[in-house]
Amino acid sequence: KEVFKDEAEKVKLPSFHIKSTPSLIEEETLVPLTKGLLLKGFELDKQDSTIDLTRTASKMAAVDLTEGRKNEFTPEYKYVDNHVREKFAEYIATLSAEGKVNQVAGRLAAHIRKVDDISHKQIERYIRKILSPLSSEKLTDISAYEGFYAGLIKKKISDLADAYAIDEFSKSLDKGTIVCEPSFSFPVKIQPKNTYQGITKNLYVEEGEMNGFERRVINEVANLDSVVFWHRNLERGKGFLLNGFLNHYPDFIVKMKNGMIVLIETKGDDRDGSDSKKKLKLGKIWQAKAGESKYRYFMVYESDRLEEARTVAELVDILKDMK
């Protein structure tokens with residue numbers, strides 16, 4: 001909106017960058033940080049391979065982790081015919097110990113497909129490391145319920161990669177090789193897939209779509225005297241990315257009259273994904289490194305919440321005095 005143009009043009013949100021190593025022909029430069037850069041030294045086959053594989057599944061299911069809202073993944077099960085399951089189990093039973101491990105590892109790796117920037121070969125080697133000590137009977141059982149076991153192993157790999165990335169992020173911040181520098185400006189125009197109107201002080205004539213809880217939160221925030229404007233942050237490369245050991249697109253960017261820029265992430269009680277703690281951790285680190293005199297990050301819950309998160313009432317009480 002024209003009324004907010006001058007204020008919006010002054011905003012340049014900081015994001016994390018990593019310093020490149022200088023060479024004889026190239027000076028040190030700042031590169032936008034990605035999780036892949038944090039995982040450069042990650043060697044999966046040298047990681048802990050202890051995993052609980054004692055559980056069973058009633059059906060062989062290929063776990064296809066489908067992306068939902070904002071990089072949050074939910075398992076979707078595709079059930080395979082019992083006949084197919086039994087035939088492969090019979091085939092596996094005829095192989096040598098090494099042959100069984102290789103066959104089952106290959107099939108599990110195919111189910112897992114991808115975890116961050118870890119190569120398929122690394123994943124398959126790691127699975128072989130997990131399977132090698134197992135009995136022939138257990139390998140046969142795993143081959144019968146591939147999807148179930150692939151899901152367990154994928155979670156293990158993801159947890160290991162996340163822990164490594166978080167540790168590297170923390171160490172690099174301490175070393176000063178990761179810095180928080182201004183990078184994101186509001187575009188002149190946006191083209192959200194679906195739009196919403198009807199809440200005061202929106203930065204653009206049409207903002208991106210919102211669910212019921214998101215509308216409630218931003219409506220209460222927008223009606224505060226202390227708010228200049230708000231924007232529904234876009235996702236997938238179009239909006240402001242809070243980058244680090246995961247990619248996080250906070251729901252809202254709010255400009256306050258005292259000059260503060262506030263990022264707000266909403267969490268309805270029915271959607272408390274496993275990434276919430278990591279997002280909150282990253283958001284609070286960003287707040288500290290970007291500068292607490294200018295920036296704030298809040299995660300807002302309907303009722304139940306994580307430590308350091310806020311309820312809607314608490315958020316409103318904090319923001320109302322930022323005049």
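The values are calculated or read from the model by the stated rules, or taken from the named source; none is laboratory data. Values in this document were obtained by computation on a predicted structure and should not be read as measured data. Here the Cβ is made from the backbone with ideal geometry for all residues, glycine too, and neighbour counts use every protein chain on show.
Figures for the structure shown
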| read-out | value |
| --- | --- |
| Filter result (more than 25 Å from residue 122 (Cβ to Cβ) and in contact with a strand residue (DSSP E or B) (Cβ under 7 Å, 6 or more places away or on another chain)) within the stretch 11-54 | 11, 12, 13, 14, 15, 16, 17, 19, 28, 30 |
| Restricting the stretch 172-204 to residues that are among the β-branched types (Val, Ile, Thr) and within 19 Å of residue 292 (Cβ to Cβ), the residue that is surrounded by the most Cβ atoms within 10 Å (Cβ to Cβ) | 178 |
| Tally, over the stretch 90-108, of residues that are of a type in the set (Val, Ile, Thr) and more than 15 Å from residue 53 (Cβ to Cβ) | 2 |
| Strands (runs of 3 or more DSSP E) wholly inside the stretch 1-104 that include at least 2 residues being modelled with pLDDT under 95 and farther than 30 Å from residue 182 by Cα | 61-67, 73-79 |
| All positions within the stretch 222-232 that are surrounded by 21 or more Cβ atoms within 10 Å (Cβ to Cβ) and either of a type outside the set (A, V, I, L, M, F, W, C) or touching a residue at least 60 places away in the same chain (Cβ under 8 Å) (or both) | 227, 229, 231, 232 |
| Subset of the stretch 243-296 that is in a loop (DSSP other than H, G, I, E, B) and of a type in the set (Lys, Arg) - its residue that is modelled with the lowest pLDDT | 271 |
